[in-house]
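The values are calculated or read from the model by the stated rules, or taken from the named source; none is laboratory data. Not measured: the values here are computed from a predicted model. Glycine also receives a Cβ, built like all others from the backbone with ideal geometry; neighbour counts cover every protein chain displayed.
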Ligand code: NOJ
């Protein structure tokens, strides 16, 4: 009897798990060489046999000679409410398989593979419990493979580059991924499936990049620390979720919300968190009118701050960012950032006075910490710097990490390394404690942790508008919804109206600047130009920016193709109004907008569109604003000029 039982359990070497609708199937097999998985969608192979496991420094590899000890299955059927964002609720609807694995021979180490299969993708993670003589590990390599067809198209930005995530997206084929690329890394397979590899819940571990391994299979490449290990972990340890988002079309991919479903809910009260639109003492520095550093043209003076607060009040914008207010922005700021002081103002800036003026006008100040990646310097001041803002009633901070690597514990480390990840997390948690919301520039990529930490309202983490003036083409923003924005919202610094400033020429039409407020979601949305641009002749255009919300109930992508165009409708969280935004690349386009998502009754459509002769190079300002009564049976015919875009507010009558 016992023999039979043993034989029976040894024979169980394969498990299958399907999505709730049965369309996505993940197969896991444990063979002598190791544990592998593969994924099919609608009976089409998407990820072929891919191995899983680890190499550790000073330990035997952990991937072969394994057996399945136990398999447990669960069904997760949950509606998740989000405090703010693109949707007020998302579904966590997946089937789960927990595979308990053990080595067959000593040291008989054990670990768990947890798979979750959604209708729109697969996620899995490694969970390693503590065990005798196996408690603190240095990861040499995570061996996770993503065996996509090498003829798949891929849209990528490179990893390990000095400007972090700030590169132009490039279309290539998977066979050419010999150098690491950041995730979300988006694919179209030869059999027509759209996919994006990413990760969720990245904590205390190096960020995952993807490249071909020595067997020419796409594989995880965890960002190393300066000592060459990928991470030092204490057991028990769960890796981040390895996520493969799946869709039948590019546009369907853009609403994949798996990363939020995979992160846990908050464990504390975040009802104090509010999304925000804000002006900034900022673009004047980019166009060379003011400076970050003190001097004749210093931007962050008490007088300028008061003027901008007044402007915010009269424009109906609730916040104001002030950069360059603190001591340390001297000379070569990238070199000298090690001297930045975060509790000391320049002599021409009186922070308590500015803060109390802002309070009297009901304007939220957005404080600013440019760390220049000098983490040792910043962490020494972290508690006092956050206390300083909190005690002055400042509830929002934009942080910045310019520079190609961080200085942490005296070593140069990648922003996306384990130590980088841990630093960002420290700021998020401290900010939560002080009831401060964050907008992180030069961040670690989004992995959905804002579900757990909703005070992390936004990040940059891709080329934003500051790269205009030559480095951005109109296709850039047409890549983002299918790539970077799968990782969460982005502070793109939208709303530049001074498109032909001699020092910074912007390659968009003017109505495209309005479209950005709908197309690129951000929990903190910057209204980036100088306030006088929003008055007088541009006031009719500004009306859209004033009204567009920063918190939506529902997002419905309407049409698009990667790098070509994107059109999305979003419903306001606080009213029954809808907003539609669209952007195109260098090509002009006509679109028919079917409004069948509206509820019954009439709406007034306020339409801000490119004129037929508008062009992002030669005729940027040509636009028309008009109104039209519509119902759910209406179709709005819209035109987008080369490098253009449109914005529509649909107001319930
Ligand atoms: C780069 C950031 O992206 C930008 O927003 C900021 O103004 C500068 N660093 C200076 O901190």
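Here are a few things to note about the model shown:
- Qualifying residue in region 295-309 (condition: part of a strand (DSSP E or B), at pLDDT 95 or above, touching a strand residue (DSSP E or B) at 6+ places or on another chain (Cβ under 7 Å) and within 16 Å of the ligand (Cβ to nearest atom)): yes
- Any hit, region 430-438, residues being touching a helix residue (DSSP H, G or I) at 6+ places or on another chain (Cβ under 7 Å) and either closer than 30 Å to residue 611 by Cβ or free of Cβ contacts under 8 Å to residues at least 24 places away in the same chain (or both): no
- Scope region 128-156; condition outside any strand (DSSP E or B) and touching a residue at least 60 places away in the same chain (Cβ under 8 Å); matching residues: 129, 130, 135, 143, 144, 146, 148, 149, 150
- First in region 248-262 and over 17 Å from residue 478 (Cα atoms), second anywhere and at pLDDT below 95 and buried (at least 23 other Cβ atoms within 10 Å of the Cβ), Cβ under 6 Å, 6 or more apart: none
- Filter result for residue 448 (at positive phi, in contact (Cβ under 8 Å) with a residue 60 or more places away in the chain, in contact with a strand residue (DSSP E or B) (Cβ under 9 Å, 6 or more places away or on another chain) and more than 16 Å from the ligand (Cβ to nearest atom)): yes
- Being in the same structural domain as residue 48 (by TED's automatic domain parsing), surrounded by fewer than 22 Cβ atoms within 10 Å (Cβ to Cβ), more than 18 Å from residue 563 (Cβ to Cβ) and at pLDDT 95 or above holds for only one residue in 153, 201, and it is 201.
- For residue 541, the test of being more than 14 Å from residue 317 (Cβ to Cβ), touching a strand residue (DSSP E or B) at 6+ places or on another chain (Cβ under 6 Å) and either in a helix (DSSP H, G or I) or not assigned by TED's automatic domain parsing to the domain that holds residue 486 (or both) is failed.
- Among residues of region 567-614, those that are over 23 Å from the mean Cα position of the chain (by Cα) and under 19 Å from residue 523 (Cα atoms), counted: 4
- Inside region 472-498, residues that are outside any helix (DSSP H, G or I) and either over 23 Å from residue 266 (Cβ atoms) or not assigned by TED's automatic domain parsing to the domain that holds residue 396 (or both) make up a count of 11.
- 2 or more residues without any contact (Cβ under 8 Å) to a residue 40 or more places away in the chain and exposed (fewer than 14 other Cβ atoms within 10 Å of the Cβ): qualifying strands (runs of 3 or more DSSP E) within region 574-653: 623-630
- Within region 68-83, the set of residues being buried (at least 17 other Cβ atoms within 10 Å of the Cβ) and more than 33 Å from the chain's Cα centre (by Cα) comprises 68 only.
- Condition broken by residue 267, with the remaining ones in (1) within 23 Å of residue 76 (Cβ to Cβ); (2) touching a strand residue (DSSP E or B) at 6+ places or on another chain (Cβ under 9 Å) satisfied: (2)
- Flag not set for residue 469, criterion: within 16 Å of the ligand (Cβ to nearest atom) and either part of a helix (DSSP H, G or I) or closer than 17 Å to residue 522 by Cα (or both).
- Here residue 282 fulfils each of the conditions (1) within 29 Å of residue 481 (Cβ to Cβ); (2) surrounded by fewer than 21 Cβ atoms within 10 Å (Cβ to Cβ); (3) within 16 Å of the ligand (Cβ to nearest atom) apart from (2).
- Looking only at residues in region 478-505 that are over 14 Å from the mean Cα position of the chain (by Cα) and away from the ligand (no atom under 16 Å from the Cβ), the one that is surrounded by the most Cβ atoms within 10 Å (Cβ to Cβ) is 478.
- Residues satisfying the criterion are absent from region 180-195 (criterion: under 25 Å from residue 459 (Cβ atoms) and surrounded by fewer than 19 Cβ atoms within 10 Å (Cβ to Cβ)).
- Boolean, residue 167 is in contact (Cβ under 8 Å) with a residue 40 or more places away in the chain and under 16 Å from the mean Cα position of the chain (by Cα): yes
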